[in-house]
Amino acid sequence: MLIGILGLSCNNIKKVTGHSFEYISKNRKLELIFDSNSNCELRNTFNCRDLPPNVRKISINCTYKQMHDTICLKNIACNNDPLCKKTLTIEIPPQINQSCFFLSDESRKKKFIIGPNYESDYEKYGMIPNIGLDTLYIVKNKIVLYKKDSSGSVGFIFSREKTKDFIRNINN
C-alpha cells in the first residue's frame, strides 16, 4: 500500500495542469503557466520599470499535450506562419534604457576577441525564446526548454520555485 501511495504522489508532481513553473534571474522572470488541460502561456517579464509595456511583458499563448515526462507545445499565433514555428527567439527592437542596458543597440554587438566567441550582453540576458512547435522535458520535477537552430541554441530550466539554473550556448 505504501508503494502505491508513493507512486501516486510522484505522478501528481509530474502533472503540469494548473501549475506554473518559472525561471528567475536579476533581469527577468520567465514563466510557463499551464492554466487548463490544453492551454498554456510563456510569459517573459523584464525587471525594468522604464520599458514600454509591450517590451517589458511579452506573452506567447500555446496549446500543449503532456505525455509522461514530455510536453509538446504549439504556438497558437503560428498556425499559418511556417517561419514563426522555426524562429529561435523573439526579436526585440533596441531600447534606450538605464536599468536594462542589455537591450540597447550597443549591447548587441560582439566584442572582437581572439579566442572563444563570447556572447553579447543581449544574447546572455535579453533573448526571449519563441515557441513554435517545441518539446519540453520534465527532469526531476523541473521543466527543460531547449531550442536549437542554425544560429545557435538557447535553453532554460523552469521550476516551481525561484531558480537561477540556466543553459545557453550561442554559436555563430
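The values are calculated or read from the model by the stated rules, or taken from the named source; none is laboratory data. Predicted model, so just to flag it, every value in this text is computed and none were measured. Quick reminder, even Gly has a Cβ in these numbers, built from the backbone with ideal geometry, and neighbours come from all protein chains shown.
Let me confirm something: among Val144, Val154, Val139, which residue is among the β-branched types (Val, Ile, Thr) and either modelled with pLDDT under 85 or touching a Cys at 6+ places or on another chain (Cβ under 9 Å) (or both)? Write out each step before concluding.
Working: Val144 fails: either modelled with pLDDT under 85 or touching a Cys at 6+ places or on another chain (Cβ under 9 Å) (or both); Val139 fails: either modelled with pLDDT under 85 or touching a Cys at 6+ places or on another chain (Cβ under 9 Å) (or both).
Answer to the selection: Val154.
Test Pro94 against the criterion of being surrounded by fewer than 12 Cβ atoms within 10 Å (Cβ to Cβ) and more than 30 Å from Val139 (Cβ to Cβ), and give yes or no. Walk me through how you get there before you give the answer.
Working: surrounded by fewer than 12 Cβ atoms within 10 Å (Cβ to Cβ): no; more than 30 Å from Val139 (Cβ to Cβ): yes.
No; evaluated as a whole, the condition is false for this residue.
Here is a yes/no grid of residues against (1) in contact with a strand residue (DSSP E or B) (Cβ under 9 Å, 6 or more places away or on another chain); (2) at pLDDT 85 or above; (3) crowded, with 17+ Cβ neighbours inside 10 Å:
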{"residue": "Met1", "(1), (2), (3)": "no, no, no"}
{"residue": "Ser20", "(1), (2), (3)": "yes, yes, no"}
{"residue": "Tyr23", "(1), (2), (3)": "yes, yes, yes"}
{"residue": "Arg28", "(1), (2), (3)": "yes, yes, yes"}
{"residue": "Arg49", "(1), (2), (3)": "no, no, no"}
{"residue": "Arg56", "(1), (2), (3)": "yes, yes, yes"}
{"residue": "Leu73", "(1), (2), (3)": "yes, yes, yes"}
{"residue": "Cys100", "(1), (2), (3)": "yes, yes, yes"}
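Pro82: under 22 Å from Lys29 (Cα atoms) and loosely packed, with under 13 Cβ neighbours inside 10 Å, yes or no? I'd like the intermediate steps shown before the answer.
Values: under 22 Å from Lys29 (Cα atoms): no; loosely packed, with under 13 Cβ neighbours inside 10 Å: yes.
Against the criterion (under 22 Å from Lys29 (Cα atoms) and loosely packed, with under 13 Cβ neighbours inside 10 Å), Pro82 does not qualify.
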